[in-house]
1. Please state which one of B:A198, B:A175 is modelled with pLDDT of 70 or more and within 30 Å of B:A263 (Cα to Cα).
2. Which of the helices (runs of 4 or more DSSP H) contained wholly in segment B:224-337 include at least 2 residues that are β-branched (V, I, T), within 14 Å of another protein chain (Cβ to nearest Cβ) and crowded, with 18+ Cβ neighbours inside 10 Å?
3. Name the single residue that is nearest to B:G215 (Cα to Cα) among those in segment A:48-92 being within 7 Å of chain B (Cβ to nearest Cβ), in a helix (DSSP H, G or I) and not aliphatic (A, V, I, L, M).
4. Can you tell me how many residues within segment A:32-44 are of a type outside the set (F, W, Y) and more than 7 Å from chain B (Cβ to nearest Cβ)?
5. Of everything in segment A:87-104, what is closer than 20 Å to A:G69 by Cα and either at pLDDT below 80 or crowded, with 20+ Cβ neighbours inside 10 Å (or both)? Give them in sequence order.
6. Considering only residues that are at the interface with chain B (Cβ under 9 Å from one of its Cβ atoms), buried (at least 21 other Cβ atoms within 10 Å of the Cβ) and hydroxyl-bearing (S, T, Y), which ones fall in segment A:147-167?
7. Only residues in segment B:275-298 that are under 21 Å from A:V77 (Cα atoms) count as the first member; pair them with residues that are in a helix (DSSP H, G or I) and polar (S, T, N, Q), Cβ under 6 angstrom, at least 6 apart or cross-chain, and list the lot.
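The values are calculated or read from the model by the stated rules, or taken from the named source; none is laboratory data. This structure is a prediction, so every number in the text was calculated from the model and none was measured. Don't worry about glycine lacking a Cβ; one is built from the backbone with ideal geometry, like all the others, and counts go over all protein chains shown.
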Amino acid sequence: MEPDGISAEQEADLEALEMVRLGDASGAARLFQRWSGPLLRFTGRLLGNAAEAEEVTQDVFLKVIVRAGQYDGRASVASWLFAIAANACRDRLRQGARRQKVSLDSVVEAAGSDIPVDVRLVERQRRASVRRALSHLSDEQREVLVLARYHGLPYAEIARSLSISEGAVKTRIFRAMETLKSVFSEGDPPWNAASH
Amino acid sequence: MECRESLKVREFVLARLSGEPAGDGAAALAAHVAGCSACAAVAADMESVWARLGDDDASDLAVSPAFEARASAAMAAATRRATNVRPFRVPGTETPLLKVAAVLTAGVAGFFLARASGGGALPGSAAFQPTPSPFHGGENVSLVANRTLDASRAALDLSGKPRLANVSYTPADAAGRVAVSFDVTTRYTVVGRPEDQAVANLLVSLVSGAAGSEGAKGGALDLVSEGTRGGAPVSPEVVALLRRTLETDRNPGVRKKAAEALAQMPPSPETRDALAKALKTDTNPAVRILAVEGLAKSAAAFKDASSIESLRQKAADDHENGYVRSQAALALSKIEI
């Protein structure tokens, strides 16, 4: 993601959004191809539930179809999508809609991988450890940290997406990192201590 | 013991990890960390946490084919709802009884109409003579929802056998005049150059929302844009319409098309003023970039201070999108003053 200027990808997003606005179904399909993965990972990390992440991600694209005319171009299309996703996750978390809280470490992974089972198990444990640590953060800290750490959004873009100041972005990331530091230092499992 | 610079060091390290540009004093802080064991430990802690977060590769959160299929179906349905497109009715689904009722109604109405008119030829039937084509000789063809023709003064051209739908009859009035009403479903096609008054008026009407669809609006703007790209002259009504659209339309996509059409026209004070205003006030960067392009043409053609100043202000605007600024600066560099 570039902090300034309009890249070819951003221009393509704008074109796809324009197609959505004009009622062309292929516009939504193009946006889905490009952004469903990042949005699914974003919502999954915020909600901690893969099934709900899929529901929310699908809702994001349905909202885009309805609200395409409301996009004002102040932030990039990507930021707008993340903003819709963040709002949808907040609504879910607020409403307590997490009916059955399935831990992500229990999600069965796709079979047929060439990676040995023991290696996959360690990877899964590491991932679950990070997710557990993220769950110690407030919703506001988590969404800012996830956007910065995993999606590479610059502070200014995060601020625009979430309608907060850049100072608030820095503060939330700072506090999130402090919390994570203490969470990680409290319970480092032996397999992890070796690699960190 | 914690160093008094540790807070700044944390911010500095976080900004670096997040890929933010190095701020003032970054070099000094880096040097400090290199020489201060407490701050080096703080930096190492932050880096360790950041790296540890990388253990979550989200490989469990991939888009599955099932999810993609489900979402695609939902999006297609939502698009249909949003555009309010209704499928054509399958032929043959009308109730046969309704068909019979319609035929009987038409027959009974025709019978009474014939009786009321004395059973002879319809009044004024001799006047049903072909008229010249409406698009020749500058005749003004009014397209209104309901139009009543006086058969003693107007002639109907039915030589093209237009389909007459929803026909209804009104029995004779005191003067013995009957009325036949119908909808003509003939498709009109207006052919002409964009600067021709009839075409210009039609485009203005469509961009102003006459068709009630954003697609028709965008299509009319595209047609205008195509003409301006080829250097075709544009009627003043269309220029005024584009200015109005650029200033007031809420949809950034429509404003972008209007800006594109204006930017492609031969420069004039009208196009320059509209683009300068858009460059200053439009919220959409794509619109502002097109405004820069148009103003650059205007500035190159007229070397007018107003266009050059607009570009100069934009190039120096710290709050402006970097790409827009660089385009403005590039345009200025190409103007031979």
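1. Details: B:A175 fails: within 30 Å of B:A263 (Cα to Cα).
Step by step, each of B:A198, B:A175 is checked, and only B:A198 is modelled with pLDDT of 70 or more and within 30 Å of B:A263 (Cα to Cα).
2. Details: elements: B:236-248, B:252-264, B:269-281, B:285-302, B:305-315, B:322-334.
Counting at least 2 such residues, we get B:285-302.
3. Among residues in segment A:48-92 that are within 7 Å of chain B (Cβ to nearest Cβ), in a helix (DSSP H, G or I) and not aliphatic (A, V, I, L, M), the one nearest to B:G215 (Cα to Cα) is A:G69.
4. Taking segment A:32-44 and keeping what is of a type outside the set (F, W, Y), we get A:33-34, A:36-41, A:43-44.
Cutting the leftovers down to more than 7 Å from chain B (Cβ to nearest Cβ) gives us A:33-34, A:38-39, A:43.
Going through segment A:32-44 one residue at a time, the tally reaches 5.
5. In the first step, residues of segment A:87-104 are kept if they are closer than 20 Å to A:G69 by Cα; the result is A:87-88.
Matches in segment A:87-104: A:A88 only.
6. A:Y155
7. Taking only residues 6 or more apart or on different chains, the pairs are B:L279/B:S310; B:I289/B:Q327.
To keep it simple, each residue is scored yes or no on (1) of a type in the set (D, E, K, R); (2) over 22 Å from A:V20 (Cα atoms).
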| position | (1), (2) |
| --- | --- |
| B:R243 | yes, yes |
| B:E247 | yes, yes |
| B:A274 | no, yes |
| B:L279 | no, yes |
| B:N284 | no, no |
